[in-house]
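The structure appears right after this line, and notes come after that.
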Amino acid sequence: MTEPVEPLSATALVMQAKQREIDALRHLAARAELVDAIGQLIQALQRERGASSAFLASGGQRFADPRQAAIAEGAPAQQRLRTVFAHHAQPSQAADARSLALMAWVLLGLDALAALRLQIDRRALGAHDAVAAFSHLIAGLVELVFHIADGAPEPGISRRLVALLHLVQAQEAAGQERAVGALLFASGRASEAQQQRLVHLIDAQERSLQTFAEFAEPAQRERWSALQVAPGAARLERLRRTLCTARDGAVLDSAQSDPWFDACSERIDALWQLQLDLVQQLRTACADRIAATQQELHDVQGLLRRLRDNPPARAHAADRFFDAALAPEDVPAPPAAAAVAGESTSLLELLQAQSARLSGMEAELEAARRALHERKVIDRAKGVLMARLGMTEEAAFRALQKTSMDQNRRLLDVAEATLSLPDFAFGAAGGSKGGR
């Protein structure tokens, strides 16, 4: 037998609606904290990866102490992330299944770190394989940031999240560049395959930073523009040219591994400061919105008054249509056609302003969703080329990029077309390339 349900009053419903708004904002604030904890650990793992790369490539002669320092510095960041994961996984946080699965995947990788470090200690692993292993773990952390940003419903916060996640992606590409370059310098030999990776990573940073600039606040764009012409940027460019223009197998000055590491670290630290600033903006935006909404919640009569003063459009039109005080010639069109010229100027202006505000919010959200969608489609297309043609990630992206330029089409359109191709098309392409 169904238990009787207490009838709800308008006051109770309007307060519940406002409380739901506060809960949603608190969930957004929790996401910002999660992104911050992820970023802290990524920063620590990137430094350990770079030092491990140079340590192994030099046969244990270089970067032994910086590597141990990086491991020690990363321990608090790892512990903090585990604590934040535990909080975020609570039912009250309403984390979705994908978020929980990605967190579990990250924890598996963190649990395997001790074994990876032991292999590096014993130099039982090559420098390239160590870089790949760390990058594999960090990729899961970056993917979690993307997933968290994908569902943010608040336009101002959503824009900042999109800027942040592309900054995180640029920082990871810069971290991989540091590790690959350290490997090359410390080994003392140029390698065409690693040089191609460097070129790809430099391009990846520029693409991510372009999207960051599109969604970031003007002050942050100006800070980044200033950093690009700083003396450290010029030093990094000179070292990049040294690495990227050397002939395959040419001798490299291993002593340059330290200046390279420092120059790359300066760039990564600059990106990290921008990231910290963005996270603080997210915290502030969430806190301000929560405080404002809580203040509204305390003013019950004000909430009800605003509700009465802003009836649904059709209700207002019906009131006008049945207004007995109006002369027959002044009776407006029926409610169904009431978007009309019989409404008062003030109401029309109010509706127009509200419509413009909602349109602006929707446009911002759509821009954020579009940036995320394009990234996912391009990544899936790269994965298809890698799986079906045996390409590396760099070669797959180059193939998409070349097709885009040759056919004068957007990269997104080329990626979507690639995903729609039947299997036999890839078989023919693979055969024409001799399996590559």
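Summary table
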item	result
Top-ranked residue in region 42-79 [being out of contact with any Asp or Glu (no Cβ under 9 Å at 6 or more places or on another chain) and of a type in the set (D, E, K, R); ranked as least open to solvent (accessible area, probe 1.4 Å)]	Arg49
Qualifying residues in region 379-399 (those that are of a type in the set (Gly, Ala, Ser) and open to solvent by less than 40 Å² (accessible area, probe 1.4 Å)) - the one farthest from Gln194 (Cα to Cα)	Ala381
Enumeration of residues in region 111-142 that are open to solvent by less than 40 Å² (accessible area, probe 1.4 Å), under 14 Å from Arg82 (Cβ atoms) and either β-branched (Val, Ile, Thr) or out of contact with any helix residue (DSSP H, G or I) (no Cβ under 6 Å at 6 or more places or on another chain) (or both)	Leu113
Residue count for region 231-254, restricted to those that are surrounded by fewer than 18 Cβ atoms within 10 Å (Cβ to Cβ), of a type in the set (A, V, I, L, M) and free of Cβ contacts under 8 Å to residues at least 40 places away in the same chain	2
Residue, most open to solvent (accessible area, probe 1.4 Å), within region 155-176, restricted to residues that are among the small types (Gly, Ala, Ser) and over 13 Å from Leu274 (Cβ atoms)	Gly156
Residue match in region 10-25 (condition: closer than 30 Å to Ala179 by Cα and part of a helix (DSSP H, G or I))	no
Conditions (1) open to solvent by less than 20 Å² (accessible area, probe 1.4 Å); (2) among the acidic types (Asp, Glu); (3) within 17 Å of Ser265 (Cβ to Cβ): number failed by Asp36	(3)
Residue match in region 214-225 (condition: in contact with a Ser or Thr (Cβ under 8 Å, 6 or more places away or on another chain) and buried (at least 20 other Cβ atoms within 10 Å of the Cβ))	no
Matching option when the condition is in a helix (DSSP H, G or I) and either more than 23 Å from Phe55 (Cβ to Cβ) or touching a Ser or Thr at 6+ places or on another chain (Cβ under 8 Å) (or both), among Leu201, Leu243, Leu184	Leu184
Selected residue [within 18 Å of Ala173 (Cβ to Cβ), among the basic types (Lys, Arg) and touching a residue at least 12 places away in the same chain (Cβ under 8 Å)] from Arg98, Arg123, Arg80, Arg49	Arg49
Criterion violated by Ala179 - all others in (1) open to solvent by 20 Å² or more (accessible area, probe 1.4 Å); (2) at pLDDT 90 or above; (3) among the aliphatic types (A, V, I, L, M) satisfied	(1)
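Okay, residues lined up against (1) under 21 Å from Arg67 (Cβ atoms); (2) among the hydrophobic types (A, V, I, L, M, F, W, C):
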| site | (1), (2) |
| --- | --- |
| Glu172 | yes, no |
| Glu177 | yes, no |
| Ser191 | no, no |
| Ala204 | no, yes |
| Ala216 | no, yes |
| Ala219 | no, yes |
| Ser225 | no, no |
| Leu236 | no, yes |
| Cys264 | yes, yes |
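A quick yes/no check of all residues on (1) over 24 Å from the mean Cα position of the chain (by Cα); (2) part of a helix (DSSP H, G or I):
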site	(1), (2)
Ala69	yes, yes
Arg82	no, yes
Met103	no, yes
Arg123	yes, no
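The values are calculated or read from the model by the stated rules, or taken from the named source; none is laboratory data. These numbers come from a predicted model, not from an experiment. Neighbour counts are summed over all protein chains in view; Cβ atoms, including those assigned to glycine, are modelled from backbone coordinates with ideal geometry. Protein only, heavy atoms only, side chains kept; ligands, DNA and RNA dropped before computing areas. Shrake-Rupley method; radii C 1.70, N 1.55, O 1.52, S 1.80 Å.
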